[in-house]
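Reviewing the structure listed below.
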Amino acid sequence: MAVPKQRHTKSRRNNRRLNLFIKSPALSICTRCKSATQPHAVCGNCGYYKGVEVIDLMKKLTKKEAKEKQKKIMEEKDKKTKPMTMEGLSKKN
């Protein structure tokens, strides 16, 4: 039967047990684009922090990706600003 030659230290034992208590990171919701982000960090989706643009993500994208992203942003703005007509209200219900 195998018997260990030396005793493992408390540090080694605790390092092994450390993984039992790992939790998933806390996430908050971006106020601008409503995507999940880490708290107190710049949003990776829109580049805003506390309502201020910190990183211009459009510069990093290729021309085609930037055009698609800009189109998506404009559609979201139009949805928010368009007043509902009577036809739109009847379709919604």
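The values are calculated or read from the model by the stated rules, or taken from the named source; none is laboratory data. On a predicted model such as this, the values are computed, not experimentally measured, just so you know. Here the Cβ is made from the backbone with ideal geometry for all residues, glycine too, and neighbour counts use every protein chain on show.
I'm checking my understanding of the structure. Among residues of the stretch 1-32 that are assigned to a loop (DSSP other than H, G, I, E, B) and either touching a Lys or Arg at 6+ places or on another chain (Cβ under 8 Å) or β-branched (Val, Ile, Thr) (or both), which one is nearest to Glu76 (Cα to Cα)? Per the stated criteria, the residue is Thr31. Within the stretch 38-54, residues that are among the charged types (D, E, K, R) have Cβ atoms under 7 Å from residues that are surrounded by 14 or more Cβ atoms within 10 Å (Cβ to Cβ) and in a loop (DSSP other than H, G, I, E, B) in these pairs: Glu53/Gly47, counting only partners at least 6 apart in sequence or on another chain. Among the residues of the stretch 34-63, those identified as at pLDDT below 80, over 27 Å from Ser24 (Cβ atoms) and either basic (Lys, Arg) or surrounded by 10 or more Cβ atoms within 10 Å (Cβ to Cβ) (or both) are Met58, Lys59, Lys60, Leu61, Lys63. Tallying residues that are among the basic types (Lys, Arg) and either touching a helix residue (DSSP H, G or I) at 6+ places or on another chain (Cβ under 8 Å) or not in a helix (DSSP H, G or I) (or both) within the stretch 33-73 yields 3.
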